Amino acid sequence: MTHAPVVLVIDMQNALAAIAHRAAGTVAVIAGLCARARAAGVPVVTVQHHGGGLEPGTPGWRIVPELAPAAGETVIAKTSADSFLDTGLDATLQALGATEVVVTGFATEICVDTTARQALSRRYDLVLVADGHTTSVRDGEGPYAAPDASVAHHNEIFRNLDFPGRSVRVLPAAEVDFRPSAR
């Protein structure tokens, strides 16, 4: 079977990047991955949260400039942690012929995790970009794990996640290969 990847960039909006752990590094990793994908003819789909303080048209709602969608690329509006729920994401992926989603973005344990699992449930193969997702800044003193621990924890969960009939890979961005022979 031919692998046809699509890169998902989830919730990389100004207001969220402002509270993100290692925001600049994550943005740079995702930007580099997207540039390589586009150069290889692999589609990039941006998912943008609406609501909960992220109101359309406001500066905080906008996608960070480094990750702005290219002309003609799809932007999916969502209102929950699940990028598939009540959105056109699944139809978009089907129209693009996607068999695999390459997941990046914010926040690791909420939107990234939920969307990645939903993609698997919808029978897409999955690449979770190990260094291409992040969470909010926090000290680890509260009920949430510290950011680095949360990212590492989710990477490890997905490395060991078993979805029969689905390929699940956790790779650093540098190891995501978009060459046709790698698909």
Expressed in nanometres to one decimal, the distance between label points 7 Å along Cα→Cβ at Ser80 and Leu96 is 2.2 nm
The correct pair for region 1-119, radius of gyration to one decimal and Dmax as a whole number, both in Å and from Cα atoms, is 13.3, 43
Taking protein heavy atoms only, a 1.4 Å probe, and rounding to whole percent, the accessible area of region 37-183 owed to carbon and sulfur comes out at 53 percent
The answer for Ile76, listing residues at least 5 apart or on another chain whose modeled amide H is closer than 5 Å to its amide H, is Thr46, Val47, Gln48
Expected field for Leu96, accessible surface area in Å² at 1.4 Å probe radius, rounded to 10, holds 80 Å²
In debye to the nearest 20, the charge dipole size for the chain, taken about the Cα centre with +1 at each Lys and Arg Cβ and -1 at each Asp and Glu Cβ, equals 480 debye
Gyration tensor on Cα atoms of region 38-103, a ≥ b ≥ c root eigenvalues, a/c under 1.5 rounded, else prolate if a/b beats b/c, else oblate, says oblate
Regression test value, accessible area per residue of the chain, probe 1.4 Å, units Å², expected 45 Å²
Output ordering of 41-49, 153-161, 66-74 (per-residue mean of other Cβ within 10 Å, highest first) is 41-49, 153-161, 66-74
Phi angles of region 78-95, converted by Karplus (6.51 cos²θ - 1.76 cosθ + 1.60, θ = phi - 60°) into ³J(HN,Hα) in whole Hz with x for Gly and Pro, give 10, 10, 9, 5, 8, 5, 8, 5, 6, 10, x, 4, 4, 4, 5, 4, 5, 4
Sequence order, region 28-34: Karplus ³J(HN,Hα) from phi using 6.51 cos²θ - 1.76 cosθ + 1.60, θ = phi - 60°, Hz rounded, Gly and Pro as x, gives 4, 4, 5, 4, x, 4, 4
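The values are calculated or read from the model by the stated rules, or taken from the named source; none is laboratory data. Only a predicted model underlies this, so the values are computations on that prediction, with no experimental measurement involved. Note: ideal-geometry Cβ built from the backbone for every residue, glycine included; neighbour counts use all protein chains shown. Each accessible area value is taken on the protein alone, full model and side chains, heavy atoms only, with ligands, DNA and RNA left out. Shrake-Rupley method; radii C 1.70, N 1.55, O 1.52, S 1.80 Å.
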